[in-house]
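Just so it is clear, none of the values below were taken in a lab; they were calculated from the coordinates. Predicted model only: the values in this text are computed from it and were never measured. Backbone-built Cβ (ideal geometry, glycine too); neighbour counts: all protein chains shown.
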Amino acid sequence: MLEDRVALVTGASRGVGKGIVLGLCEAGATVYFTGRSTLAQGATVKLPGTLEDTAEEAAALGGRAIPIRCDHADDAQTAAAIERIRTEEGRLDVLVNNAWGGYEYLHRFEFQYLGAPFWTRPLGLWDEMFVAGPRAHYVTSALAAPLMVERGSGLIVNISFFDAETFRGDVIYSLSKGASQRMASHMADQLRDHGVAAVALYPGLVRTEAVLQAGEEHFDFSNSESPQFVGRAVAALAGDRDIMRRSGETLVAAELGEEYGFPDIDGKRPRSLRPDYA
């Protein structure tokens, strides 16, 4: 379905980003993907997952998976990744802004600040949630957009969450997710005349390494998604020939599963969490 497409997925050593790489490769795309965790240099958090792990799993599904070690808090590294794609492929059809460093403090402080009032948390948490989050999404989009504008087509997907609109339990988290969601809407306005679409995408409860580590004590997995399900949602959007009609929208992975007719890897179709949040 996507054999002629080139994609970039940021933050894909594990979790949702890894699942998006798998979903796009499953559809036949050439997928460049970034992360900081490597076999040689180790993981950045106390969770399994490296660039090499993602590449190995993606290779078994088809497409082409090309890892790039990149810290998106460093604009020069982001620029180098985009330039490599320009040099090697001469095009970029899909950008998925997934990189987000907002959970790293939980692992560093052994979860002691989880759910704590904002005035009791380290002030540096703002930068962790914004620099390697919405700011990285903006910078990557600004550097990648010319490759799409030149061709008159393309898709930018900002991964966000329902908390961007309705959740009030975490001040910085909600602002961070809201920034990525609103960014997609405003980018869509400026990209529309160039044939490039931009959307925000909300996963549901995704069975990432961190969520599985927390276990059933904290999560009810009866209505959950594999990371690859989110990738299938992105692949469906990338394969939609009328994607411009959706530009500027905030979409939900489970609802796209219903609309486009794709299941999760276990054959099930997760339900949207929208009624629970909005």
Worksheet item: Under the definition of Cα pairs under 8 Å and six or more residues apart, what whole-number percent is the relative contact order of the chain?
Response: 19 percent
Worksheet item: Check residue 33: other-chain or 5+ apart residues with amide H under 5 Å from its amide H, H built from backbone geometry?
Response: 9, 66, 68
Worksheet item: If the chain between residue 3 and residue 190 were fully stretched, how many nm would it gain, using 0.36 nm times the residue separation less the Cα-Cα distance?
Response: 64.5 nm
Worksheet item: Among 81-87, 263-269, how do they line up from the highest to the lowest mean number of other beta-carbon atoms within 10 Å?
Response: 81-87, 263-269
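Using the Kyte-Doolittle scale, which helices in the chain average at least -0.5 and also have C-alpha atoms spread 18 Å or more along the helix axis, with helices defined as whole DSSP H runs?
Details: long enough: 75-89 (21 Å, -0.78); 136-151 (23 Å, 0.59); 171-191 (30 Å, -0.07).
The answer, listed by residue number, is 136-151, 171-191.
Roughly speaking, what is the stretch gain from residue 260 to residue 245, that is 0.36 nm per residue apart minus the C-alpha to C-alpha distance, in nm to one decimal? Walk me through the intermediate numbers first.
Numbers: separation 15, 0.36 × 15 = 5.40 nm, distance 1.49 nm.
This chain segment gains 3.9 nm when fully extended.
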Item to complete: Using a Gaussian network model of the chain whose springs link C-alpha atoms within less than 10 Å, name the residue from 28, 49, 215 with the highest mean-square fluctuation.
Response: 215
Response to the item:
Checked against the positive end of the charge dipole of the chain (+1 on Cβ of Lys and Arg, -1 on Cβ of Asp and Glu, about the Cα centre), the farthest of 133, 219, 16 is 133
Worksheet item: Can you list the aspartates and glutamates whose alpha carbon is less than 12 Å from that of residue 177, not counting same-chain residues fewer than 8 positions off?
Response: 163, 165
Worksheet item: Between (1) 21.0; (2) 20.1; (3) 18.6, which matches Kirkwood radius over Cα pairs in Å calculated for the structure shown?
Response: (3)
Worksheet entry | Packing rank of 117-124, 7-14, where each peptide gets the mean count of other beta carbons within 10 Å, highest leading | 7-14, 117-124
Practice prompt. Determine the gain in length on full extension of the stretch residue 175-residue 218; use 0.36 nm per residue of separation and subtract their C-alpha separation, reporting nm with one decimal.
Written response: 13.1 nm
Fill in: aspartates and glutamates with Cα under 13 Å of residue 46, excluding same-chain neighbours fewer than 8 positions away
104, 110, 209
